[in-house]
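Quick notes on the structure that follows.
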Amino acid sequence: MSNPTSPNEASNGFIPRSGRPPWYTSDGSSIRDAFLIGIAGGSASGKTSVSNRIIREMNVPWVVIISMDSFYKNLNQEARERAARNEYNFDHPDAFDFDLLHEKLSKLKQGLIVDIPMYDFTTHSRLTTTQKIYGASVIIFEGIFALYDKKVFEMMDVRIFVDTDDDVRLARRLKRDIASRGRSVQSVLDQYHKYVKPAFDDYIRPTLKNADVIIPRGLENNVAIDLLLKMIKRKLEENVSFKSELAKLHEGKHGLPESVILLEQKPQVVSLMTTIRDKNTNRDEFIFSSDRMCRMVVEKALTLLKFHEKSVITPIGKTYHGFTMADKICGVSIERAGVAMEVSLRQVCKDIKIGKLLIQTDTKTGDPQLPSDISSRKVLLMDVSVATGAAAIMAIRVLLDHFVLEENIIFMCLLAAPLGLHSISYAFPKVKIVVSQVDQVLNDKFYIVPGFGNFANRYFGTCNNNK
Ligand SMILES: Nc1ncnc2c1ncn2[C@@H]1O[C@H](COP(=O)(O)OP(=O)(O)O)[C@@H](O)[C@H]1O
Ligand SMILES: Nc1ccn([C@@H]2O[C@H](COP(=O)(O)O)[C@@H](O)[C@H]2O)c(=O)n1
């Protein structure tokens, strides 16, 4: 397992755990790989469309689609000129960098962070920017040669071939390549007859034998797609069932993990939380009470930091022996609701640097905006609530990938369910969690009960039904 190196690594022997595998089994002994689905088929057969449908229907966190296009070899000037004259065969296996593909998929399968190249069909070259992907729990890999290379397809948990007639594919390709890949009718037809069709017959169609499931006609074949979805769901349940893993983690656990610091339930705390939870609280009051509550959580989190002695001279010329904060700190909010906590953090820690993380549950995680020196700081990570703990775990993984030490992370939130707290502390026992209140129940939809509804909507006024 190779890790990206950190600037600290050589100097102080610290080896960063860069990207931990997505999930741990309930006894903590073995680590689960991500679930890899491969989708092959001819050009314009509907691979991307089927991938998107799977994502929509699956409803599990952190599914990513990786396209084979990202692994086209980077062409030199001479090859690019040939490509422009339609004299380069993009449908031959040699056009792809299978070693790079294997390396990236293996890392993703282990839950590691990867940089995926991005491809531009109009210039036939890779963009200078790459896309960062953080440990997904399900990876869909689609491309004409997805089931071609043994090392690659043997890694897959499900192998699919989308089998669509040649004439349908050509018609779709004409439309698509003219609309979005900068091609003319003539160039599409020339390329199709010269390279696309022969390569499909010689190299791509034969990979059908490596498939577990064949989907004739692609997306329009509802029967096949439904069967496929059922099969994937079943396999997922056996393999990376995120929800049941979490449930198992929580089984038989009483009380809160040691890493959790629950605010003392004084009337002051309870009354603020009562206002926040009340569906009849208007937006002004909601913001006011939330900001106050967040400040109390921040103040509690600051008690976990290091202070050193400092003496000052008072205005009447006397010496006072006190303390000043020793730790360098920064904040990181998990969008969207965590951003609401930034106001309070700034009120308590003047001029603090604050980064942002967008954790999405159904697609790629956005590029984080983090302070450049974050690895040398203690990080106050903010989100208003923890239900399953999934977003917090993902956010912590991103911080570790940026070489923040686990023990330097303090997670702050207003409301949490024990399941989520146990999950976070199980995955990252050194992360301290400061929380105002804990609700015991998570319902079937993984909402906290009684909860406080959609905090971000209520705080930012983005939904007027106050839910
Ligand atoms: N069942 C379908 N009916 C009509 N158009 C489709 C269908 N499936 C895909 N397409 C269209 O055909 C084109 C190619 O589909 P896509 O899923 O991108 O194929 P691939 O990824 O295999 O190249 C796209 O423009 C898509 O919108
Ligand atoms: N510079 C390039 C690279 C690839 N192609 C064509 O793309 C097809 C694969 O993409 P799909 O989305 O259709 O699977 C492949 O058939 C290549 O001919 C290209 O035209 N230019």
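The C-beta contact set for region 40-55 (first residue within 6 Å of ligand 1 (Cβ to nearest atom), second residue modelled with pLDDT under 90 and assigned to a loop (DSSP other than H, G, I, E, B), distance under 8 angstrom, 6+ apart or interchain) comprises 46/217. Among the conditions (1) crowded, with 20+ Cβ neighbours inside 10 Å; (2) at pLDDT below 95, the only one that residue 83 does not satisfy is (1).
Just to be sure before I move on: is residue 188 touching a helix residue (DSSP H, G or I) at 6+ places or on another chain (Cβ under 7 Å), of a type in the set (Val, Ile, Thr), over 30 Å from residue 108 (Cβ atoms) and not in a loop (DSSP other than H, G, I, E, B) in the structure I sent? Yes; evaluated as a whole, the condition is true for this residue. Scan region 65-90 for residues that are touching a residue at least 40 places away in the same chain (Cβ under 8 Å) and in contact with an Asp or Glu (Cβ under 7 Å, 6 or more places away or on another chain) and the total you get is 5.
The strands (runs of 3 or more DSSP E) found wholly in region 361-457 include none carrying at least 2 residues that are surrounded by fewer than 23 Cβ atoms within 10 Å (Cβ to Cβ) and under 19 Å from the mean Cα position of the chain (by Cα). For residue 352, are the conditions met, namely being farther than 30 Å from residue 67 by Cα and either among the acidic types (Asp, Glu) or assigned to a loop (DSSP other than H, G, I, E, B) (or both)? Taking the combined requirement at face value, the residue satisfies it. Please work out if residue 149 is touching a Leu at 6+ places or on another chain (Cβ under 6 Å), more than 14 Å from ligand 2 (Cβ to nearest atom) and not small (Gly, Ala, Ser). No. Looking only at region 127-158, residues that are basic (Lys, Arg) and either modelled with pLDDT of 95 or more or more than 19 Å from the chain's Cα centre (by Cα) (or both) come to 2 in all. Anything in region 129-176 that is assigned to a helix (DSSP H, G or I) and within 15 Å of ligand 1 (Cβ to nearest atom)? List them, or say none. 166, 167, 168, 169, 170, 171, 172, 173, 174, 175, 176, listed by residue number.
Taken over region 177-187, residues that are charged (D, E, K, R) and surrounded by 15 or more Cβ atoms within 10 Å (Cβ to Cβ) amount to 2. State whether one or more residues within region 79-95 are assigned to a strand (DSSP E or B), farther than 30 Å from residue 227 by Cβ and more than 12 Å from ligand 1 (Cβ to nearest atom). No, there is no match, as no residue in region 79-95 is assigned to a strand (DSSP E or B), farther than 30 Å from residue 227 by Cβ and more than 12 Å from ligand 1 (Cβ to nearest atom).
Within region 274-287, the set of residues being assigned to a helix (DSSP H, G or I) and surrounded by 15 or more Cβ atoms within 10 Å (Cβ to Cβ) comprises 275, 276, 277, 286, 287.
Taking every residue in region 106-129 that is not assigned by TED's automatic domain parsing to the domain that holds residue 176 and pairing it with any residue that is within 16 Å of ligand 1 (Cβ to nearest atom), at least 6 positions away or on another chain, yields no pair with a Cβ-Cβ distance below 9 Å. Answer yes or no as to whether residue 192 is in contact with a Pro (Cβ under 8 Å, 6 or more places away or on another chain) and within 13 Å of ligand 2 (Cβ to nearest atom). Criteria not met by residue 192.
Summed over region 119-128, the residues that are not hydrophobic (A, V, I, L, M, F, W, C) and not in a strand (DSSP E or B) give a count of 3.
For region 115-146, which residues satisfy the criterion of being among the basic types (Lys, Arg) and either surrounded by fewer than 14 Cβ atoms within 10 Å (Cβ to Cβ) or within 16 Å of ligand 2 (Cβ to nearest atom) (or both)?
Selection gives 126 alone.
One line per residue, one yes/no per condition, for (1) farther than 17 Å from residue 40 by Cβ; (2) in contact with a Cys (Cβ under 9 Å, 6 or more places away or on another chain); (3) crowded, with 20+ Cβ neighbours inside 10 Å:
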| site | (1), (2), (3) |
| --- | --- |
| 189 | yes, no, no |
| 199 | no, no, yes |
| 209 | no, no, no |
| 231 | no, no, no |
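The values are calculated or read from the model by the stated rules, or taken from the named source; none is laboratory data. Only a predicted model underlies this, so the values are computations on that prediction, with no experimental measurement involved. Cβ sites come from the backbone with ideal geometry, for glycine too, and all protein chains shown count toward neighbours.
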